[in-house]
Each structure stands twice: as structure tokens, then as C-alpha cells.
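Structure record follows, encoded as C-alpha cells.
The values are calculated or read from the model by the stated rules, or taken from the named source; none is laboratory data. Since we're looking at a predicted model, the values are computed, not measured. Don't worry about glycine lacking a Cβ; one is built from the backbone with ideal geometry, like all the others, and counts go over all protein chains shown. Surface accessibility is based on the protein's heavy atoms, side chains included, excluding ligands, DNA and RNA. Shrake-Rupley method; radii C 1.70, N 1.55, O 1.52, S 1.80 Å.
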Amino acid sequence: MGPVRDALARAARGTAWYVRQLMGDDAYRVYVEHRRAAHGPDVAVVTERQFWRQRMDDQDRNPGARCC
């Protein structure tokens, strides 16, 4: 029963990761990590609220392949 349970747990974690990525739940964290890694720890980073506002504005200006 252990290997089956481990496989199911791994599949559940993978599915949860995929949904988070698809929905953009980690987008701000990834943005901050990228800014700090690429430009140093002292670089200015917009607030999470500003980040999401800019992201929504960009999507409105360039809808691309999204459905709505």
C-alpha cells in the first residue's frame, strides 16, 4: 500500500503545482526572485498590489491567446 500511496501523493502534489502555475499564484514571488537574482538584492521591487495591477493592465492591452 505504501508505493501506491506515495505515487498518489506525488501525483496530487504535481497537480497542485500545475494548477498554481496555470493560475499564476506564484507569479509575484517568481517576479521578486528574478529581480533580486538578476539585479541584486538592493533593486527596487514594486508592491504585490502594483505588480498585479500592471499584470492586469498588460493583459488588457495585449490579450494574446486568452479566452476572455
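The table below lists the values:
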item	result
Probe 1.4 Å, accessible area per residue of the chain, Å²	86
In degrees, nearest ten, helix 48-61 long axis to first principal axis of the chain (Cα)	80
Alpha carbon convex hull of the chain, volume per residue in cubic angstrom	145
Acute angle (nearest 10 degrees) that the helix 27-39 long axis makes with the longest principal axis of the chain, alpha-carbon atoms	60
222 nm mean residue ellipticity, helices alone, for the chain (DSSP H n ≥ 4; -39,500 (n - 2.57); rounded to 500)	-24000 deg cm²/dmol
Positive minus negative residues near residue 14 (Lys, Arg vs Asp, Glu; Cβ under 13 Å)	+2
